Amino acid sequence: VNQLQKYFPIQSPFGRTKGYVKAVENIEFNLYQKKTLGIVGESGCGKSTTGRTMLRLTEPTNGTAMYKGKDIFKLKGKELKSIRREMQMVFQDPHSSLNPKKRIGAIIEEPMEIHRIGSKSERMDRAMDLLKKTGIREDQYFRFPHEFSGGQRQRIGIARALAVNPSIIVLDEPVSALDVSIQSQVINLLEEIQDEFNLAYLFISHDLSVVRHIADEIGVMYLGNMVEITTTDELFTNTLHPYTKALLSAIPIPDRSIKKERIIIKGDIPSPISPPSGCVFHTRCPYAIEECQSVKPELKEKNTGHQVACHLYH
Ligand code: SF4
Ligand code: MG
């Protein structure tokens, strides 16, 4: 994904555009088979919009997303439909994302029907198989979503995403609605099926401690911008961006080898309608220098494979 930008127009009551919500500004990243890129940031930072835009659930304002030699953002009709099959999404709330009137077997079969995959009995076999793989007994096939716990419903959501044999899955806060004890079970399941199905994950979360367990690389977003991106180990041991340091300050880390600088950020996130000039973080950054107010720092490599957007390093 290159130079991804997404602005949502704000309409006046008379239908005129009065401004834009600058949800995503110039985001770049790579996804790899069997690897997980975590995207972390506070709510409203544009991470869900990034995932949804990549899947064309919402249209980008600008940018490219190359997949198998084609730009996903330019595809139409049949080509778009077939690429959609390869990219699935798992949502945060396993309660509202499963149709309460449908039996779970039918829920898992639905994407196969949409993409005309297999015969009816083949679809049923595959649904049964996926239930088993995701840890739900096959004899639960005729039950309804409300008969399952939150964790089980998320397993069903994962089975549904797998039904059409995708290559990429965008996981938008997939465990945030679950009890902590259940979270790690679902994370373990995601790791198992990633290996088995050769999946690339974009794992979106506000919780750095959750992402740490599953991500190979982590990108940190603030107000529509990627402010730091590197491997998970590097991010935790050699944290560079003041905002990432602040996020890390907020989570307990049992590992004593990781020395944390404690940074508490003040105030609220500014509005994405009129983001601050210069560095978008300057209004809350304890290290801000004069330049930060007027010059926007570029996301650039500081160490090998470690990119950061901050004047302190460039
Ligand atoms: Fe803080 Fe300036 Fe770095 Fe932005 S560029 S994070 S304001 S020091
Ligand atoms: Mg979100």
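The values are calculated or read from the model by the stated rules, or taken from the named source; none is laboratory data. Computed from a predicted model, the values in this text were never measured in an experiment. Please note: Cβ atoms are built from the backbone with ideal geometry, for glycine as well, and neighbour counts cover all protein chains shown.
Looking only at region 4-14, residues that are of a type in the set (S, T, N, Q) and either over 19 Å from Ile72 (Cβ atoms) or exposed (fewer than 13 other Cβ atoms within 10 Å of the Cβ) (or both) come to 2 in all. Restricting region 41-57 to residues that are over 24 Å from Ala250 (Cα atoms) and not hydroxyl-bearing (Ser, Thr, Tyr) leaves a set whose member that is nearest to ligand 1 (Cβ to nearest atom) is Gly51. Of all the numbered requirements in (1) more than 8 Å from ligand 1 (Cβ to nearest atom); (2) free of Cβ contacts under 8 Å to residues at least 60 places away in the same chain; (3) among the hydrophobic types (A, V, I, L, M, F, W, C), Phe281 misses one, and that requirement is (1).
A residue that is in contact (Cβ under 8 Å) with a residue 12 or more places away in the chain, within 16 Å of ligand 2 (Cβ to nearest atom) and more than 26 Å from Ala65 (Cβ to Cβ) occurs nowhere in region 217-234. I'm told Leu31 meets every condition in (1) more than 12 Å from the chain's Cα centre (by Cα); (2) in a loop (DSSP other than H, G, I, E, B) except one. Can you identify the failing condition by its number? Leu31 satisfies every listed condition except (1). Which of the numbered conditions does Ser97 fail, given that it passes all the others? Conditions: (1) away from ligand 2 (no atom under 16 Å from the Cβ); (2) of a type outside the set (Asp, Glu); (3) in contact with a helix residue (DSSP H, G or I) (Cβ under 8 Å, 6 or more places away or on another chain). Single failed check for Ser97: (1). Would you call Glu228 within 16 Å of ligand 1 (Cβ to nearest atom), in contact with a helix residue (DSSP H, G or I) (Cβ under 6 Å, 6 or more places away or on another chain) and in a loop (DSSP other than H, G, I, E, B)? When the stated conditions are applied, Glu228 does not pass them. Just one of (1) in contact with a strand residue (DSSP E or B) (Cβ under 6 Å, 6 or more places away or on another chain); (2) surrounded by 21 or more Cβ atoms within 10 Å (Cβ to Cβ) fails for Ala65. It is (1).
The set of residues in region 15-30 being under 16 Å from Asn2 (Cβ atoms) and surrounded by fewer than 21 Cβ atoms within 10 Å (Cβ to Cβ) consists of Asn26, Glu28, Phe29, Asn30.
Consider Ile273 carefully, then state whether it is hydrophobic (A, V, I, L, M, F, W, C), surrounded by 12 or more Cβ atoms within 10 Å (Cβ to Cβ) and at pLDDT below 95. Taking the combined requirement at face value, the residue satisfies it.
Being in a loop (DSSP other than H, G, I, E, B) and over 20 Å from Leu37 (Cβ atoms): is that true of Gly151 here? No, not satisfied. If the condition is being near ligand 1 (Cβ under 9 Å from one of its atoms), among the charged types (D, E, K, R) and part of a loop (DSSP other than H, G, I, E, B), then region 284-314 contributes Arg284, Lys296. Listed by first and then second residue, the pairs with beta-carbon distance under 7 Å, at least 6 apart or on different chains, first residue in region 30-52 and over 17 Å from Val211 (Cα atoms), second of a type in the set (A, V, I, L, M) and surrounded by fewer than 24 Cβ atoms within 10 Å (Cβ to Cβ), are Gln33/Ala200; Gly44/Ile269; Thr49/Ala23.
For region 88-107, check the following and say yes or no: at least one residue is in a loop (DSSP other than H, G, I, E, B), within 16 Å of ligand 1 (Cβ to nearest atom), in contact (Cβ under 8 Å) with a residue 12 or more places away in the chain and crowded, with 21+ Cβ neighbours inside 10 Å. No - not one qualifying residue is present in region 88-107.
For residues that are under 17 Å from the mean Cα position of the chain (by Cα) and hydrophobic (A, V, I, L, M, F, W, C), scanning just region 55-71, find the one that is nearest to Ile168 (Cα to Cα).
Taking region 55-71 and keeping what is under 17 Å from the mean Cα position of the chain (by Cα), we get 55-60, 65.
This time we only want the ones that are hydrophobic (A, V, I, L, M, F, W, C), so: 55, 57, 65.
Details: Leu55: 9, Leu57: 14, Ala65: 13 Å.
Step by step, filter region 55-71, then rank; the result is Leu55.
Would region 236-249 turn up any residue that is away from ligand 1 (no atom under 13 Å from the Cβ), within 20 Å of the chain's Cα centre (by Cα), assigned to a helix (DSSP H, G or I) and under 30 Å from Ser167 (Cα atoms)? Yes, there is a match, as at least one residue in region 236-249 is away from ligand 1 (no atom under 13 Å from the Cβ), within 20 Å of the chain's Cα centre (by Cα), assigned to a helix (DSSP H, G or I) and under 30 Å from Ser167 (Cα atoms).
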